[in-house]
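No lab work stands behind these numbers, since they all come straight from the coordinates. All values derive from a computational prediction rather than experimental measurement. Here the Cβ is made from the backbone with ideal geometry for all residues, glycine too, and neighbour counts use every protein chain on show.
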Amino acid sequence: MAPPGATLSQLEHRVGFYETDAMGVVHHSNYLRFFERARALWLREHDRPYSEYMEMGLHFAVTRSEVDHHDSARFDDLLQVTAWAEWVRGASLRIAYSVACGARPIASGATEHASISSENGRVRRIPAEARGRLQALASPS
């Protein structure tokens with residue numbers, strides 16, 4: 001669940017049959033895909049499209065991912081995937097997520113990212129202006 005005052009984006013996703021496994025539930029690997037879509041939406045809605053970071057020669061590489069599964073989602077469920085920034089540092093950030101089907105919690109988690117140069121793949125500080133914007137959007141402590 002998002003903390004009070006967090007800057008949120010919410011993505012709705014209707015589960016496709018191809019996203020389910022032999023047991024008829026959403027395969028666990030798909031939650032990271034849902035997170036990825038919600039993260040891109042969060043950036044687009046509150047900061048700038050990810051493509052603009054790419055134009056600046058910057059990428060946010062995943063360095064850590066966490067998914068806690070609370071319940072199963074199934075084919076044709078309408079999921080609400082919510083994303084918010086937990087923290088932003090000099091060259092890294094952490095985005096948190098919750099996935100629900102109506103009032104039923106399905107999953108929660110987070111991804112941590114290192115800011116890297118697209119030129120050489122090395123860690124690169126988030127430009128000061130962008131870092132300031134992102135830090136202002138991060139959840140209150």
Given H placed on each backbone N at 1.01 Å, which residues far from Ala73 in sequence or on other chains put an amide H within less than 5 Å of it? Val26
By the gyration tensor of its Cα atoms, with a ≥ b ≥ c the square roots of the eigenvalues, what is the shape of segment 69-114: rounded for a/c under 1.5, prolate for a/b over b/c, or oblate? prolate
Taking segment 9-137 and dividing mean pair separation by its residue count, relative contact order in percent (alpha carbons under 8 Å, at least six apart): 28
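Taking loop as defined by DSSP and a crowding limit of 12 other beta carbons within 10 Å, which GluC sites (Glu not before Pro) in segment 36-141 fit?
Answer in residue order: Glu119.
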Add +1 for every Lys or Arg and -1 for every Asp or Glu among the other residues with Cβ under 13 Å from the Cβ of Ser92, and state the total. +4
Okay, helix-only estimate at 222 nm for the chain: each DSSP H run of n ≥ 4 adds -39500 (n - 2.57), divide by all residues, round to 500 deg cm²/dmol; what do you get? -7000 deg cm²/dmol
Could you give me the ³J(HN,Hα) list for segment 27-40, computed from phi with Karplus coefficients 6.51, -1.76, 1.60 and θ = phi - 60°, whole Hz, x at Gly and Pro? 5, 4, 5, 5, 5, 5, 5, 4, 4, 4, 5, 5, 5, 4
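What shape does the chain take by its C-alpha gyration tensor, where a ≥ b ≥ c are the square roots of the eigenvalues and a/c under 1.5 counts as rounded, a/b above b/c as prolate, and the rest as oblate? It would help to have the intermediate numbers written out before the result.
Working: a/c = 2.32, a/b = 1.72, b/c = 1.35.
It comes out prolate by the Cα gyration axes.
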Taking the alpha-carbon centroid of each part, what is the distance from segment 23-99 to segment 102-141 in angstrom? 10
Taking the Cα centre of the chain as the origin and placing charges on Cβ (Lys, Arg +1; Asp, Glu -1), which of Gly16, Tyr53, Ala73 is farthest toward the positive end of the dipole? Tyr53
